[in-house]
1. Looking at Lys42, Lys9, Lys36 in this structure, which one is surrounded by fewer than 16 Cβ atoms within 10 Å (Cβ to Cβ) and under 13 Å from the mean Cα position of the chain (by Cα)?
2. Scanning for something closer than 28 Å to Glu5 by Cα and touching a Cys at 6+ places or on another chain (Cβ under 8 Å), does segment 28-49 turn up at least one residue?
3. Residues of segment 84-117 being among the aliphatic types (A, V, I, L, M), surrounded by 15 or more Cβ atoms within 10 Å (Cβ to Cβ) and farther than 16 Å from Asp14 by Cβ, which ones?
4. State all residues of segment 12-29 that are over 19 Å from Leu39 (Cα atoms) and either of a type in the set (Asp, Glu) or surrounded by fewer than 12 Cβ atoms within 10 Å (Cβ to Cβ) (or both); if no residue qualifies, say none.
5. Out of all the residues in segment 1-42, which are within 22 Å of Pro95 (Cα to Cα) and either in contact with an Asp or Glu (Cβ under 7 Å, 6 or more places away or on another chain) or in a helix (DSSP H, G or I) (or both)?
6. Of all residues being modelled with pLDDT of 90 or more and of a type in the set (D, E, K, R) in segment 65-79, which is surrounded by the most Cβ atoms within 10 Å (Cβ to Cβ)? Just the residue, please.
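The values are calculated or read from the model by the stated rules, or taken from the named source; none is laboratory data. The model shown is predicted, which means the values in this text are computed figures rather than measured ones. Backbone-built Cβ (ideal geometry, glycine too); neighbour counts: all protein chains shown.
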Amino acid sequence: MPNIEIKGKVIKVDYDGYLSNFNDWNKDLAIYMAKKDRLKLKNDHWVVIEWVRSYYIAYKGPPRLKMIVKAMDGVFKSDNNSSAGMTQYIYMLFPTPPSPLKSICRYAGLPKPTGCI
């Protein structure tokens, strides 16, 4: 199993880059992962990541992308004020293939999601 070293701490991840232990997560790790994906995390990214982490703690599993879109629609203003506009915004924030949900979960320290929608 691969490891990531952040500030002298070795963190175990699986072969897809997802944390082995949810409690090993920290913001420096998320920044490191995003940087490897050529993404700079900004305020809107952190809002999504922190919401997803809270959801995971409360419900013991990652949310579906539709749930993230619905939750963020109340936080961010989408251009056309529709779920389609917010979906596009989430895809723009987290453009790394294969899906925003997988990137969000990886940056948030969650296990690899089994579905994307």
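1. Lys42
2. Taking every residue of segment 28-49 in turn, none turns out to be closer than 28 Å to Glu5 by Cα and touching a Cys at 6+ places or on another chain (Cβ under 8 Å).
3. Matches in segment 84-117: Met86, Ile90, Leu93, Leu101, Ile104.
4. Hits for segment 12-29 are Asp14, Tyr15, Asn21, Asn23, Asp24.
5. Looking only at segment 1-42, we keep the residues that are within 22 Å of Pro95 (Cα to Cα), and these are 13-19, 25-42.
Of everything in segment 1-42, those that are within 22 Å of Pro95 (Cα to Cα) and either in contact with an Asp or Glu (Cβ under 7 Å, 6 or more places away or on another chain) or in a helix (DSSP H, G or I) (or both) turn out to be Lys27, Asp28, Leu29, Ala30, Ile31, Tyr32, Met33, Ala34, Lys35, Lys36.
6. Residue satisfying both the conditions and the ranking: Lys70.
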